[in-house]
Each structure stands twice: as structure tokens, then as C-alpha cells.
Amino acid sequence: MPYDEDVAHRLRELLAEQDGISERRMFGGLAFLQHGNMVIAASRNGGLLVRVDPADAPTALARPHASPMEMGAGRRPEGWVSVAPEGARTKRQVEAWLKRALRYAATLPPK
């Protein structure tokens, strides 16, 4: 299933005022990068992939509809959270995840 266009639209709307934002198709979804660092993505499963501070991951994973991101062969990269479609249905839900992701992205050097 391709990414949810409504989720992508919400992300574009919320990121409109941010500097250094670009989009790139990745992992079957649509990723949003800031200064070359991936921040968040409209996932191919209809939800979100969110980059968070690895130290904050347990708190992020305790939120409703959140689970560790899994890559091939069961790999779980640190600092990545998968949000089920139910957790990305509204602008408010998406905005909460995006704020968390942008806070962490601000600590990363540009690529």
C-alpha cells in the first residue's frame, strides 16, 4: 500500500514554515528531511515513521499506537518509532509526533 496522501498533506502543511525541508520517496513512503536529515515520513502502512532522540524512545513508545520501527530481518533501528494509521488520523496527532521529531532533528548537524 502506498503512503496516505492525507498524512503527507498534513505533514506538508505543518512543515510549511520550517527551513531546510525537502521530500524524498523512501521505504515505500514519503520522507521529510530537514537540512538532509530524515525527520518523519508518511509510512507505506498509512501511519508515520518518526525519528526521535534514542534517549526519549521509551517515552515515545509508551504513546498510543506507537511501536518500534522494524526493518528487514527484524532489525529495529534506535530512535525510530512506527505510528499506526490510527495514531495519524488528525492534524493534532501528526503535529504532536512532528514536534518531537523536529526537536531531535534540531540537534543533528546538517548533511
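General observations
- So residue 86, is it over 12 Å from the mean Cα position of the chain (by Cα), assigned to a helix (DSSP H, G or I) and touching a residue at least 12 places away in the same chain (Cβ under 8 Å): yes
- Scope the stretch 102-111; condition part of a helix (DSSP H, G or I) and under 15 Å from residue 22 (Cα atoms); matching residues: 102, 105
- Residue that is surrounded by the fewest Cβ atoms within 10 Å (Cβ to Cβ), among those in the stretch 47-103 that are within 18 Å of residue 32 (Cα to Cα), in contact with a helix residue (DSSP H, G or I) (Cβ under 8 Å, 6 or more places away or on another chain) and basic (Lys, Arg): 91
- Positions within the stretch 52-86 being on the phi > 0 side of the Ramachandran plot and out of contact with any Lys or Arg (no Cβ under 7 Å at 6 or more places or on another chain), in sequence order: 65, 73, 74
- Cβ-Cβ contacts under 6 Å between residues 6 or more apart (or on different chains), taken from a first residue in the stretch 89-111 that is charged (D, E, K, R) to a second residue that is exposed (fewer than 15 other Cβ atoms within 10 Å of the Cβ) and at pLDDT 95 or above, are listed as 111/36.
- Failed criterion for residue 78 (all others in (1) outside any helix (DSSP H, G or I); (2) of a type in the set (Asp, Glu); (3) within 18 Å of residue 18 (Cα to Cα) hold): (3)
The values are calculated or read from the model by the stated rules, or taken from the named source; none is laboratory data. Note that this is a predicted model, so its numbers are computed, not measured. Backbone-built Cβ (ideal geometry, glycine too); neighbour counts: all protein chains shown.
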